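Asks: One structure is given below, represented as structure tokens, and several questions about it will come after.
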Amino acid sequence: MNQKRKIRVLVAKPGLDGHERGAHVVAYGLRDAGFEVIYTGLRQTTEQIVNAAIQEDVDVIGLSILSGAHVSLTRKVMDELKNQKAGDIMVIVGGIVPDEDIMELKEMGVREVFTAGTPISAISGFIESAIPAD
Amino acid sequence: MAEDNDYLEKIKTQQKEWEENVLQKRVKRFNLKESPTKFYSPLSTIKNDFCEKIGFPGQYPYTAGNNPFDFWRAYAGDAAKMGYRPDWGGAGGVGKYGGFGTAEDYRDYLIRMHSMGRTGGPNMAFDLVTQCGYDSDSPFAEGEVGRVGVAIDTFRDFATIYEPYTGGLEIDKVPSNFTINAPAAVIIAMYAVLADKRGIPLKKLKGTPQNDILKEFIARGTYIFPPNQSLRLFRDTCVFCTQFLPELNINSMGGYHIREAGASRVQDLAFSMANAAAYLQAGIDGGLAVDLFAPKFTFNAFGGSMEIYQEIAFQRAARRIYARMLKERFHAKNPRSMLIRQPITAHIGCSSTTLQRPLNNLTRAVVGGMAAGMSGGMPGAFPPFDEPMGLGHSQEAVQLQLDATRILIYEAKVSDVNDPWAGSYFMESLTDEIEEQTMAEMEKVENMGGAVAAIENGYMQKAIAKSAYQKQRKIDKQEEFVIGVNCYTGQNEIHVKVNREVEASYDPALMKSAEKRQKEKLSRVKRERDNTTVRSLLSTLRQHAEDEAVNLMPDICKCVENDVSLQEICDVLRDVFGEFQQAKL
């Protein structure tokens, strides 16, 4: 059997937002779904998040934001990834994101936005189909 | 007694016969392993002693309610005739929770509200920068200034907000609420300094700071210092308020934040009670008699699920546990010390609302209102149905929410009976069950060394995260059902849409420019103030912070008065106290 490398996911909380339930649930859920999950904890700067993603060699960054600052924080992560030549890391966003902002996030390169009520399987399924098996 | 025994024996015999011949027959007929419903008989409540466990409303142990009737019941008829709107505030009340942008933006918003007759005291939301003890010019502040609340850097900001509060709205006449925790000492100091500058006696100040730092570590995330040092700051505010601001509530504790973070019902209650015990002990350690300060402790809003029976039992159990803890463990004698005083009682919790078919959230909120009305509270339907849509509550949603509550009060007459479930075989046994499980969980926490220890070792945080995940798994596996989310989502369902005209309370342009304006203001204050005094005050603060026995409130008041910024105060304390590092999950 081919030893497949587990898909590595960084679950991150940028900024000062302290709502951690979603991040916890997604981190546990993806781990149980067979992913390698690293959780940053609260209050990470976008720079810290991108550095952690590169150091941990992750395939996916999942940003959890419920403070309304999702557009500015996500833009900073996307810019930082480009600056560090790590634009190949897939970024997904979870949280309270109004419909009109979802378009804006996708335009800056976010692959998918998951809002309240999303089952874990929808997130794990999306990641598996978006990351090519090697 | 012999007669009682005969009576119970008779019921026992009948129950056995019923289970075998009636219940099991039906269970088999439908091919089930067990009955999907429960029935409770007098056998469930054999242990119940009315006086000891329930009591009359307004009497120990307060299971049946804090009061024979609530104050709002006395005026319910007048309120209806006058068209009173609680969201507008008014004499003696705070207005709607809010805040955004700079102090000037929020002040202008309040002036606009006043001109519309909405004259409640300020019920302040602070931005995350302020809540985490930073100033608007901190690198951590970027993008967050004035976003989820108003930005406060120095006393000048605080004073600006209060400009419209004069005359009939003077601060000795209207109360203020401050949703602030880690830097609560700084905000309380600002309130005291404001009164002092206006010549208002401190003893007349009314209001409620949240000042519940322990739940920040386990639920809300805006902590700064480690738990023990945070508790020292709590002690200092508790002693200061008791001495100088006796009308001010000292805190607004726990409950729904913990549940919203994912805690089970029992975890929520046990952790809230363990936290309350830590605050009570902090006050006592500060040299206060329990009855001197416990009457000024409040709770935020206990509850937070759709399970109506459990939420009713939960309120009853919570009142009994807290009363017993105060009386037996802390030896309180004043009945007021023993009450769970909370503005909102049972409710569904915002996390029970769904983005899918959002008008269903109104139906859900009504269930929460029923639970509140039947467990000693106003039958408040909360939250407005558009809560999960992330744009702020629309006028329409607030209107329907208020009307739902009114319908429960005036048409359904839900609140005409106190504790209508008292004596129910089922409700009494469920209340006992929740109490027993909570006491067991509390004992676990106490054996670890109490709330602070259970936070430092990560026990509470891990327990809550696990419960949140288990709940999600149950929903994902359809072991629990959420209408429109994991069931009834097919093409036969109509995805009802609703119109909302979102109140443009918060001008997006102002919100966008707030950071720049706030930074300019701060740099001007730092130029204009007497920086020699600032340095000397901060050095005294540092010296006193190093001595655990010293109450820091007088120093913080002096700092505030001399335009030392919130972050400058917090930075000195960060240096001395250290910063909290969350245990890995």
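Asks: Suppose we filter the range B:72-124 for residues that are assigned to a strand (DSSP E or B) and at pLDDT below 85; how many remain?
Replies: Count: 3.
Asks: Considering only residues that are in a helix (DSSP H, G or I) and under 23 Å from B:Gly133 (Cβ atoms), which ones fall in the range A:25-69?
Replies: A:Thr46, A:Glu47, A:Gln48, A:Ile49, listed by residue number.
Asks: Are any residues in the range B:465-494 buried (at least 17 other Cβ atoms within 10 Å of the Cβ) and more than 9 Å from chain A (Cβ to nearest Cβ), and if so, which ones?
Replies: B:Ser467
Asks: Can you tell me which residue is nearest to the chain's Cα centre (by Cα) among those in the range B:111-128 that are surrounded by fewer than 20 Cβ atoms within 10 Å (Cβ to Cβ) and of a type outside the set (A, V, I, L, M)?
Replies: B:Arg118
Asks: Next question, about the same structure. Please work out which residue is nearest to the other protein chains (Cβ to nearest Cβ), limiting yourself to the range A:89-114 and to residues that are part of a loop (DSSP other than H, G, I, E, B), under 18 Å from A:Gly68 (Cβ atoms) and touching a strand residue (DSSP E or B) at 6+ places or on another chain (Cβ under 7 Å).
Replies: Per the stated criteria, the residue is A:Val97.
Asks: Looking at the range B:26-46 only, could you name the residues that are closer than 29 Å to B:Gly423 by Cβ, assigned to a helix (DSSP H, G or I) and among the basic types (Lys, Arg)?
Replies: Within the range B:26-46, just B:Arg26 meets the criteria.
Asks: Can you say whether B:Leu510 is at pLDDT below 95 and either assigned to a helix (DSSP H, G or I) or among the basic types (Lys, Arg) (or both), as far as the supplied structure shows?
Replies: yes
Asks: Would a scan of the range B:291-309 turn up a residue that is within 22 Å of B:Thr363 (Cβ to Cβ) and in a helix (DSSP H, G or I)?
Replies: Within the range B:291-309, one or more residues are within 22 Å of B:Thr363 (Cβ to Cβ) and in a helix (DSSP H, G or I).
Asks: In the range B:125-154, which residues are over 9 Å from B:Gly99 (Cα atoms) and outside any loop (DSSP other than H, G, I, E, B)?
Replies: B:Leu128, B:Val129, B:Thr130, B:Gln131, B:Pro139, B:Phe140, B:Ala141
Asks: Take B:Val534 and decide whether it is closer than 27 Å to B:Arg198 by Cβ and part of a helix (DSSP H, G or I).
Replies: Answer is yes for this residue.
Asks: Shifting gears a bit: Please go through the range A:45-74 and give me each residue that is closer than 14 Å to A:Phe114 by Cα and surrounded by fewer than 23 Cβ atoms within 10 Å (Cβ to Cβ), ordered by number.
Replies: Matches in the range A:45-74: A:Leu66 only.
Asks: Another question about this same structure. Take the residues in the range B:247-258 that are of a type outside the set (A, V, I, L, M) and in contact with a Leu (Cβ under 9 Å, 6 or more places away or on another chain), then tell me which one is modelled with the highest pLDDT.
Replies: B:Glu247
Asks: Additional query: Do you know which residues across the range B:537-564 are of a type in the set (D, E, K, R) and closer than 21 Å to B:Lys197 by Cα?
Replies: Across the range B:537-564, the qualifying residues are B:Asp555, B:Lys558, B:Glu561, B:Asp563.
Asks: Out of the residues in the range B:400-428 that are more than 24 Å from the chain's Cα centre (by Cα) and buried (at least 20 other Cβ atoms within 10 Å of the Cβ), state the one that is nearest to B:Gly55 (Cα to Cα).
Replies: Going through the qualifying residues, I end up with B:Ala422.
Asks: Against the definition (acidic (Asp, Glu), free of Cβ contacts under 8 Å to residues at least 12 places away in the same chain, in the same structural domain as B:Gly55 (by TED's automatic domain parsing) and part of a helix (DSSP H, G or I)), how does B:Glu328 come out, yes or no?
Replies: Yes.
Asks: A further question on this structure: Just give me the residues in the range B:555-585 being farther than 27 Å from A:Gly18 by Cα, surrounded by fewer than 19 Cβ atoms within 10 Å (Cβ to Cβ) and without any contact (Cβ under 8 Å) to a residue 60 or more places away in the chain, in sequence order.
Replies: Across the range B:555-585, the qualifying residues are B:Lys558, B:Asn562.
The values are calculated or read from the model by the stated rules, or taken from the named source; none is laboratory data. Small disclaimer: the values here were computed from a predicted structure and weren't measured. As a convention, Cβ positions derive from the backbone with ideal geometry for all residues, glycine included, and neighbour counts pool all protein chains shown.
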